[in-house]
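J.: Below is one structure. I have some questions about it.
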Amino acid sequence: MTLLKILSCMAFTVAVTSVCAKPVNENEHDKGHKSGSFSFALIGDIPYGVEPGEFSQSYENVVEDINDDSNIRWVLHAGDIKSGSSECSDELFADRLHRFNQFEHPVILILGDNEWTDCHRFKAGGYQPLERLDRLREVFYSQPGVTLGRPMRIKTQAHEDGFEEFPENVMWSRSNVIFSTMHVVGSNNGLKEFDPSGGAIRTLADDQEFERRTQAAINWMDKAFDKAEETNAAGVFLMIHANPILEFKWLLNRDVNGVVERLGFTEFLVNLAKRTEAYGKPVVLAHGDSHWFRVDKPELPMSDSTADVFLANFTRVETFGSKIAHWVKVTVNPESNEVFEVSQQLVEKNM
């Protein structure tokens, strides 16, 4: 058996939403429930092809389906809140904020490449990506450490000295399990060259941002594992946006030593492998990006110069996306050896 059993008061403006209700502190809420099981929802890469103010029946069906599940404690969105060819406008950002606040549960969002790194594209508006990133942080993380949807307090890296610009990297715990998000995006983690027809120009600042964000992600990952080891946590659940090229390795470029080149992701994955191996208990990496629901156990690189290795305690989960508008339910039982149980939730109205 693998680590997972695979089973078939909102205020809205055109700028920034403020949270009206008093936030619940998840760690305080967890008191007295340290050994209890619970579930949460995982979505990503939705809604696509929906302009501001436009009705999306498939998205509404997903929201309704999740809201109707009384066992759900929160919703994780793995990024890409729009298609890569739709405009990265302030109006669209405000629209998505409104849609996420329709959930009756806390919503934890990590950013995807479509909403900022790819905004240099002509069809996306030809924006400078770093300007769009600043705007996204203003809109979706206006209160660092407080979730969207039903407000819940969680720990944010923005409150760590030297990492104040990363409110999207968050961490929390429930039932002796650690959860964390890290800002790692598709398009080679933002390293792809800009579309020359878009008008935006890649500068040194874009490369420096990649280095800074990668180090912040690794720092935050280390904090999550440190916390798990300190508290003897039963498991660790991590979420990023990007599929960091964990499959189809035979199709990828290799260096002179035959090692797979994962531009933009290698350093992050090497650290993940080392911490996962040392931790020894169940670790899940969840992501979106490639729009293909799956639960598998891909190998990880232990260094940038050796072949990938299989770690029995590591599992990858990718959520549904785009036109396949469904969601993934993760049930957590810290008393189980597997800890995480994943099931696909097919929304009947979207079949």
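J.: Out of all the residues in segment 207-241, which are among the aliphatic types (A, V, I, L, M) and in a helix (DSSP H, G or I)?
T.: If the condition is that a residue be among the aliphatic types (A, V, I, L, M) and in a helix (DSSP H, G or I), then Ala216, Ala217, Ile218, Met221, Ala224, Ala228 are the ones that fit.
J.: Scan segment 227-241 and give yes if some residue there is surrounded by 18 or more Cβ atoms within 10 Å (Cβ to Cβ), farther than 18 Å from Asp134 by Cβ and in contact with a helix residue (DSSP H, G or I) (Cβ under 6 Å, 6 or more places away or on another chain), otherwise no.
T.: Looking for residues that are surrounded by 18 or more Cβ atoms within 10 Å (Cβ to Cβ), farther than 18 Å from Asp134 by Cβ and in contact with a helix residue (DSSP H, G or I) (Cβ under 6 Å, 6 or more places away or on another chain), one finds at least one in segment 227-241, hence yes.
J.: Can you confirm whether Ser83 is assigned to a loop (DSSP other than H, G, I, E, B), at pLDDT 95 or above and surrounded by fewer than 22 Cβ atoms within 10 Å (Cβ to Cβ)?
T.: In short, yes.
J.: Do the conditions hold for Ser56, that is, is it surrounded by fewer than 21 Cβ atoms within 10 Å (Cβ to Cβ), among the hydroxyl-bearing types (Ser, Thr, Tyr) and more than 23 Å from Lys349 (Cα to Cα)?
T.: no
J.: Could you list all residues from segment 175-195 that are surrounded by fewer than 21 Cβ atoms within 10 Å (Cβ to Cβ) and in contact with a Pro (Cβ under 9 Å, 6 or more places away or on another chain)?
T.: Passing the criteria: Ser175, Asn176, Phe194.
J.: Between a residue in segment 300-319 that is surrounded by fewer than 19 Cβ atoms within 10 Å (Cβ to Cβ) and any residue that is part of a strand (DSSP E or B) and of a type in the set (Val, Ile, Thr), which pairs come within a Cβ distance under 7 Å, given they are 6 or more apart or on different chains?
T.: Met302/Val309; Asn313/Val283
J.: Which numbered condition in (1) farther than 15 Å from Asn243 by Cα; (2) in a strand (DSSP E or B) is the only one that Ser336 fails?
T.: (2)
J.: Could you list, in sequence order, the residues of segment 57-80 that are among the hydrophobic types (A, V, I, L, M, F, W, C) and not in a helix (DSSP H, G or I)?
T.: Ile72, Trp74, Val75, Leu76, Ala78
J.: When you look at Thr306, is it more than 24 Å from Phe103 (Cβ to Cβ), of a type outside the set (Gly, Ala, Ser), out of contact with any helix residue (DSSP H, G or I) (no Cβ under 7 Å at 6 or more places or on another chain) and in a loop (DSSP other than H, G, I, E, B), yes or no?
T.: yes
J.: Could you run through segment 140-170 and say how many residues are assigned to a helix (DSSP H, G or I) and either surrounded by fewer than 18 Cβ atoms within 10 Å (Cβ to Cβ) or out of contact with any helix residue (DSSP H, G or I) (no Cβ under 9 Å at 6 or more places or on another chain) (or both)?
T.: 2
J.: Residues of segment 191-206 being over 25 Å from the mean Cα position of the chain (by Cα) and assigned to a helix (DSSP H, G or I), which ones?
T.: Pro196, Ser197, Gly198, Leu204
The values are calculated or read from the model by the stated rules, or taken from the named source; none is laboratory data. From a predicted model like this one, the values you see are computed outputs, not experimental measurements. Note that we place each Cβ from the backbone using ideal geometry, even for glycine, and neighbour counts take in every protein chain shown.
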